[in-house]
């Protein structure tokens with residue numbers, strides 16, 4: 001039973017190979033850009049495209065998967081590679097409606113290969129294999145990067161305190177503090193970004209705390225939402 005549930009979840013998140021021609025249109029554009037969808041699921045897609053897309057920002061776009069299915073989403077370009085002059089992109093859907101997710105599932109069911117229709121678990125197997133290579137590197141969005149930034153935060157008691165990050169990601173922070181932070185404590189956090197006059201503001205909740213030597217504690221903070229723009233600012237600093 002547990003194995004069946006695990007396989008069902010893997011199939012839900014697997015990238016299904018479809019290899020179909022499509023078209024995307026940026027919110028600010030007047031023309032569609034023709035592309036090819038290599039694989040897709042409700043969280044993202046791998047596409048090829050002649051045009052170079054803007055980086056380090058969320059892109060609002062419509063993606064015409066087929067004559068019957070067009071979705072709208074806010075997309076973050078997780079990675080880009082140029083192979084033989086063609087741009088290969090990993091898209092992460094940072095904001096997408098449930099109705100558009102449903103269109104993706106219907107599109108997959110129409111265009112996945114005959115082999116995958118007969119053996120649907122292969123989609124999950126392909127996805128697991130790709131995770132080992134660069135083609136699934138959109139997961140880098142949520143990787144922890146060891147970066148140190150000074151920060152200040154406010155907890156439930158309304159008092160301001162100082163901290164320093166020991167790692168950062170789009171979904172969480174590692175904070176070093178002198179006082180212990182209790183699990184489930186909500187925090188408002190301001191990160192000091194080098195060469196910037198404005199701190200990066202975010203909110204999150206403490207998920208764990210442990211002793212870090214004689215002088216303080218390390219805590220893991222899960223952010224309320226994936227802060228992709230903020231992550232970009234920090235990694236460029």
Among the residues that make up region 41-48, is at least one of them farther than 24 Å from residue 28 by Cα, in a strand (DSSP E or B), touching a helix residue (DSSP H, G or I) at 6+ places or on another chain (Cβ under 7 Å) and modelled with pLDDT under 90? yes
The one condition residue 170 fails out of (1) in a loop (DSSP other than H, G, I, E, B); (2) surrounded by 16 or more Cβ atoms within 10 Å (Cβ to Cβ); (3) at pLDDT 90 or above is (3)
If I go through region 182-201 residue by residue, how many of them are in a loop (DSSP other than H, G, I, E, B), at pLDDT 90 or above and crowded, with 16+ Cβ neighbours inside 10 Å? 1
Of the conditions (1) more than 24 Å from residue 224 (Cα to Cα); (2) at pLDDT 95 or above, residue 72 fails just one. Which one is it? (1)
For a quick check of your reading: which strands (runs of 3 or more DSSP E) sit entirely within region 58-99 and have at least 2 residues that are within 11 Å of the chain's Cα centre (by Cα) and either assigned by TED's automatic domain parsing to the domain that holds residue 31 or on the phi > 0 side of the Ramachandran plot (or both)? 70-83, 86-96
Boolean, residue 179 is at negative phi, in a loop (DSSP other than H, G, I, E, B) and either exposed (fewer than 15 other Cβ atoms within 10 Å of the Cβ) or touching a helix residue (DSSP H, G or I) at 6+ places or on another chain (Cβ under 7 Å) (or both): yes
Unique match (being touching a residue at least 12 places away in the same chain (Cβ under 8 Å) and buried (at least 18 other Cβ atoms within 10 Å of the Cβ)) among 216, 204: 204
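The values are calculated or read from the model by the stated rules, or taken from the named source; none is laboratory data. These numbers were taken from a predicted model, which means no experiment stands behind them. Because the Cβ atoms are built from the backbone with ideal geometry, glycine has one as well, and the counts that use them run over all protein chains shown.
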